[in-house]
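Just below is one structure, and these are the notes that go with it.
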Amino acid sequence: MSEFPENPPFPTQDFLWAAPPPRPKFQHRYRWHIVLFLGTLLTTTLAGALQAGAIIPAEAPVSFWSVLPLGLWYSVPVLFILGCHEFGHYYYCRVHNVDATLPFFIPAPLPLTGTFGAVIRIREPFPSKQALFDVGIAGPIAGFLALLPVLYFGVKLSKLAPLPPHDAEIIYFGEPLLFKAMSWLHFGRIPEGTDMILHPLGFAGWLGMLVTALNLLPFGQLDGGHIMYAVLGRRAARVSVATVVVTALLTLHSTSWIATTLMMLGMAYFLGFRHPKIVDEHVPLDGRRKLVAVCALIIFVLCFTPVPIETFFGK
């Protein structure tokens, strides 16, 4: 019969294996953020330089290097608006201790905008409905407050000019209520046969309105979808479906809604119409947050236009 040795070679007590330490929050790869920001600054400056041709007198000598600095009139304010929007999200992620990245600016070789916008990546689920609401609504409100002075001075620097001849190619920018108010404030009633030639600074403010309105669409995991889910809970899925239907119908009125509709259909296919569940989704929001939600609705109405961009080719 064998016996256990007095000092066994392996300990007989159970081992308690310690879990690895949690990953530190708010760790950032600053190099990528800087590279993407500088790339977006370049592409938006080039786009702004193309826009600047409209504000240069016809008799003035024009060269690439002389026009390029004018592109900063567009690139700097548009990055300011996009940055305020994303840092609004990021700030409230820090407030609620929800791990997130710094903003990623997205450069794009587009002659009109020079960018696809900016995003942050949220790395963990929201711990509460209040956190979801605060993070979701902070971006549009911060971006809206940033675009107000940009739009005001951009319209002020714009000028009135006779309408181009019928055979010219015209890019039409829709006029949200806020834009109409700024135009009336500076020019009053625009005379027949004339139109506003928008300064690049004004276009940055206009694009800020478009980005704000699109983000506030009450769909899925857009900012407006976060807000709607925090207000309505699971019933927000019906609003998401209705939003896709409405934008699809808007494509009959303006082809510029096609990209937005396809984007939302893609998000619905991969993520579904239902918002990821929050543990306290049945707990109603407090009165203060409901009031802020009404403010977000007002911002959406002020920034929305049913015809964002249209191009007309003369005959």
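The values are calculated or read from the model by the stated rules, or taken from the named source; none is laboratory data. Just so we're clear, the structure is a prediction, and the values are computed from it rather than from any experiment. Note that we place each Cβ from the backbone using ideal geometry, even for glycine, and neighbour counts take in every protein chain shown.
Please indicate, with yes or no, whether at least one residue in segment 256-278 is among the β-branched types (Val, Ile, Thr), at pLDDT below 95 and touching a Lys or Arg at 6+ places or on another chain (Cβ under 7 Å).
Yes, segment 256-278 contains at least one residue that is among the β-branched types (Val, Ile, Thr), at pLDDT below 95 and touching a Lys or Arg at 6+ places or on another chain (Cβ under 7 Å).
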Qualifying positions in segment 41-70 - more than 17 Å from residue 112 (Cβ to Cβ), surrounded by 11 or more Cβ atoms within 10 Å (Cβ to Cβ) and at pLDDT below 80
56, 62, 66
Note on residue 38: of the conditions (1) more than 30 Å from residue 117 (Cβ to Cβ); (2) modelled with pLDDT of 85 or more; (3) of a type outside the set (Ser, Thr, Tyr), unmet is (1)
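Every residue, every condition in (1) among the basic types (Lys, Arg); (2) touching a helix residue (DSSP H, G or I) at 6+ places or on another chain (Cβ under 7 Å); (3) part of a helix (DSSP H, G or I), yes or no:
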| residue | (1), (2), (3) |
| --- | --- |
| 184 | no, no, yes |
| 196 | no, yes, no |
| 207 | no, yes, yes |
| 218 | no, yes, no |
| 230 | no, yes, yes |
Please enumerate the residues belonging to segment 83-132 that are of a type in the set (Ser, Thr, Tyr) and part of a loop (DSSP other than H, G, I, E, B).
101, 113, 128
Looking for whichever is within 22 Å of the chain's Cα centre (by Cα), at pLDDT below 95 and of a type in the set (A, V, I, L, M) here; the options are 170, 141, 122. Which one fits?
122
Within segment 258-303, work out how many residues are at positive phi and basic (Lys, Arg).
0
Would segment 150-169 turn up any residue that is surrounded by 23 or more Cβ atoms within 10 Å (Cβ to Cβ), among the aromatic types (Phe, Trp, Tyr) and either over 24 Å from residue 46 (Cβ atoms) or touching a helix residue (DSSP H, G or I) at 6+ places or on another chain (Cβ under 6 Å) (or both)?
no
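So is residue 278 β-branched (Val, Ile, Thr) and not in a loop (DSSP other than H, G, I, E, B) or not?
Taking the combined requirement at face value, the residue does not satisfy it.
Each row is one residue, and each column tells you yes or no for (1) at pLDDT below 90; (2) out of contact with any Pro (no Cβ under 9 Å at 6 or more places or on another chain).
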| position | (1), (2) |
| --- | --- |
| 165 | yes, yes |
| 179 | no, yes |
| 183 | no, yes |
| 191 | yes, yes |
| 204 | no, no |
| 207 | no, yes |
| 224 | no, no |
| 229 | no, no |
Does residue 238 satisfy the criteria of being more than 21 Å from the chain's Cα centre (by Cα), free of Cβ contacts under 8 Å to residues at least 60 places away in the same chain and within 22 Å of residue 294 (Cα to Cα)?
yes
Within segment 226-264, considering residues that are over 14 Å from residue 308 (Cβ atoms) and among the hydroxyl-bearing types (Ser, Thr, Tyr), the one surrounded by the most Cβ atoms within 10 Å (Cβ to Cβ):
229
